[in-house]
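What follows is a short report on a single structure.
The values are calculated or read from the model by the stated rules, or taken from the named source; none is laboratory data. Since the model is a prediction, treat every value here as computed from it, not as a measurement. Positions of Cβ are generated from backbone atoms using ideal geometry, with glycine treated the same way; all protein chains shown enter the neighbour counts.
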Number of protein chains: 2
Amino acid sequence: MTADPVLNAIRDRRSIRKYTGDPVSDDAVRAILEAGRWAPSGMNNQPFRFLVLRKSDPRFEALAGLTKYTHIVRGCDAMIALFLDKKATYHEQKDHQSAGGCVQSMMLAAHAMGLGTVWLGQMMNNAPQVLEALKLAGDDYEFITVLTVGHPAEPGTANRKPLEEYMLEAF
Amino acid sequence: MTADPVLNAIRDRRSIRKYTGDPVSDDAVRAILEAGRWAPSGMNNQPFRFLVLRKSDPRFEALAGLTKYTHIVRGCDAMIALFLDKKATYHEQKDHQSAGGCVQSMMLAAHAMGLGTVWLGQMMNNAPQVLEALKLAGDDYEFITVLTVGHPAEPGTANRKPLEEYMLEAF
């Protein structure tokens, strides 16, 4: 096994905010969810819960209105909403770290399949309204994010500081 | 590009708690850090800070004593400690989510290179002591975790619930 496909996917994945409108197959969405399923979690508590919303779902447009990135959501073909099951969570920070690993796994899987995603962290600011629109009880579930999924209509851009600026000591 | 190497890495990566003791090259550690560098972060705030500790470093043994998994740490060849730079953070939960994506990227990169890691989330319980051992100010940095890195001496095991149990609605 060569490491390159994985290292390249990690390096080359971009947030994709414009989509062609071409449909994303159920199989592709399922492969993304499978990637999320395999994400590690503290104590292996597996607190992740998923909800897939297709364009035809009336709740799709409701959620599109619960972010300032409405135009991005409207352009995508499927939304994957991620929640934590409060019956499974055990440590706020660690559970949120696990959720981030889950999102990253799903985004990398989508990228590997030629699909684009964006992590709509901003929507978390409207978590109570999202839960209400989905008729989910806040006592049961914590809303993490929506991942938009579609075929990229743009390459995406990214910038990162050089590695030295991440290092607390030279390496 | 076929998606399989990435999807397989996500599915097949395991926590590796036993290492052969063979050295891990600087280049391999650097490739892992590079993977972490490319992790997404909210508002692209890039709050991640890394510190690499080799076995020869006196602080290696100090950190090994700050977890109940001392035996795992002692067996690895390198530790990558992950912190958040408090000058860069902006939202506790989102920053921790980003940190989790960073850890996952590093673990996937290591796995792709045939290396094993384990995410020592438990060490976060001793964050003040870790910061003290590393002479880092808690006002400046938040300790997230240590990732142990080594050549796997065991295949690792994992179990996950079936996807249906992650789904809030059938898909």
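A few comments on the model shown:
- On the stretch given as region B:122-171, residues that are of a type in the set (Lys, Arg) and within 30 Å of A:Asp27 (Cβ to Cβ) total 2.
- Evaluating B:Arg17 against the criteria (1) more than 16 Å from B:Glu154 (Cβ to Cβ); (2) more than 7 Å from every other protein chain (Cβ to nearest Cβ); (3) not small (Gly, Ala, Ser) leaves one unmet condition, (1).
- Hits in region A:62-88 - residues which are without any contact (Cβ under 8 Å) to a residue 60 or more places away in the chain, over 20 Å from A:Ala137 (Cα atoms) and of a type in the set (D, E, K, R): A:Lys68, A:Arg74
- Any hit, region B:47-55, residues being facing chain A (nearest Cβ under 10 Å), farther than 21 Å from B:Pro152 by Cα and within 11 Å of the chain's Cα centre (by Cα): yes
- Within region A:8-28, the residues that satisfy the criterion of being surrounded by fewer than 22 Cβ atoms within 10 Å (Cβ to Cβ), on the phi < 0 side of the Ramachandran plot and not basic (Lys, Arg) are A:Asn8, A:Asp12, A:Ser15, A:Thr20, A:Asp22, A:Pro23, A:Val24, A:Ser25, A:Asp26, A:Asp27, A:Ala28.
- Restricting attention to region A:153-171 and to residues that are touching a residue at least 24 places away in the same chain (Cβ under 8 Å) and not hydroxyl-bearing (Ser, Thr, Tyr), the residue that is nearest to the other protein chains (Cβ to nearest Cβ) turns out to be A:Ala158.
- Per-region count, region B:60-102, residues part of a helix (DSSP H, G or I) and among the acidic types (Asp, Glu): 3
- Residue within region A:43-52 that is modelled with pLDDT of 95 or more, assigned to a helix (DSSP H, G or I), surrounded by fewer than 23 Cβ atoms within 10 Å (Cβ to Cβ) and not small (Gly, Ala, Ser) present: yes
Conditions tested, residue by residue: (1) buried (at least 22 other Cβ atoms within 10 Å of the Cβ); (2) touching a helix residue (DSSP H, G or I) at 6+ places or on another chain (Cβ under 9 Å); (3) at the interface with chain B (Cβ under 10 Å from one of its Cβ atoms); (4) modelled with pLDDT under 95.
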| site | (1), (2), (3), (4) |
| --- | --- |
| A:Leu63 | yes, yes, no, no |
| A:Arg74 | no, yes, no, no |
| A:His111 | yes, yes, yes, no |
| A:Ala137 | no, yes, no, no |
| A:His151 | no, no, no, no |
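- Yes/no for A:Asp22 being at the interface with chain B (Cβ under 8 Å from one of its Cβ atoms), among the charged types (D, E, K, R) and over 28 Å from B:Ala35 (Cα atoms): no
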